[in-house]
1. Over all distinct alpha-carbon pairs, what is the Kirkwood Rh of segment 114-211 in angstrom?
2. Let me check I've understood the local charge: for Pro121, count other residues with C-beta under 14 angstrom from its C-beta, Lys and Arg +1, Asp and Glu -1. What total comes out?
3. Just to be sure I understand the model, the point goes 7 Å from the Cα along the line to the Cβ. What's the resulting Asn203 to Leu93 distance in nm?
4. Using 20 Å as the cut-off for backbone N distance, which residues of segment 24-41 belong to the label zone defined by a point 7 Å from the Cα of Lys120 along Cα→Cβ?
5. Here is the link list: Lys15/Lys140; Lys20/Lys120; Lys24/Lys140; Lys20/Lys140; Lys63/Lys120; Lys24/Lys63. Which ones come out longer than 21 Å on Cα distance?
6. Excluding Gly142 itself, calculate the net charge of residues whose Cβ lies under 9 Å from the Cβ of Gly142, where each Lys or Arg counts +1 and each Asp or Glu counts -1.
7. So how much slack lies between Cys108 and Ile166, counting 0.36 nm per residue of separation and subtracting their Cα-Cα distance, in nm?
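Any read-out appearing in this document is the output of simple, stated calculations on the displayed coordinates, not a laboratory observation. Note that the structure is predicted; figures quoted are calculated from it, not measured. Neighbour counts run over all protein chains shown; Cβ positions are idealised from the backbone, glycine included.
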Amino acid sequence: SMGGYGFGQMILRAKTLIPKIKPKVVFFQNTDWLVERSLAPYLFSYPISLSVPFFELHGNQIKLMQPLVQNDFFELNQMRMFKKTRPNLNDFLSFAKLESKLVLKHQCQIFQELFRAREKPDRNDLEEFVLNEIIDLCRKNGAELVIVGLQNQIVPDLLNSRSDLIYVDAEAYLNSQLEGGDYAKIYNHYYGKPEKFFDGHPNNLAHRRIS
């Protein structure tokens, strides 16, 4: 998994992989928080904020924008030197020094960008735009599309009006299997003794039942 993943990354990966792999079936997750993430140019990841692809309104058109700041601290030529030796304190201190400089530079760039005015698209319009993008991509490459709804408050109007689309309400199925239990305790991430809530993403059991 990756902190800050949203519709922007999903569309970019789909445009790369679907024409290349030519799958028979494509499963596309549609979730409320994926829409919210796709409206923000910066999202929290551990332990910093990352610049990510995002959607912006230009006139009456929704456009997918590239990250405003290059995340260069994930792909460093200098990191190769750490692979040639066994882990040691000196390498750790050298790596920490290198990373701290890049993280500080990145966060300063993000801070500067925060003051620029940007027009966000309506979240319902964005959801429909993304769904139309993936529908068109699958159609052009002969793939059947299965849209999996998870943690959605409202099913998009597009899915209600298109009888040719396969929509799986995974959230409804998960709720049907609770047998009176607590949703978060059963399907989210809890760790420790006593157990404490850690993360609201679906856990292994939720993924198995969805599959």
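1. 16.3
2. Its environment carries a net charge of -3.
3. 4.1
4. Residues 30-41 qualify, since their backbone N sits under 20 Å from the label point.
5. Result: Lys20/Lys120; Lys24/Lys63 exceed 21 Å.
6. Counting the neighbours of Gly142, the net charge comes to +3.
7. Roughly 16.4 nm would be gained on extension.
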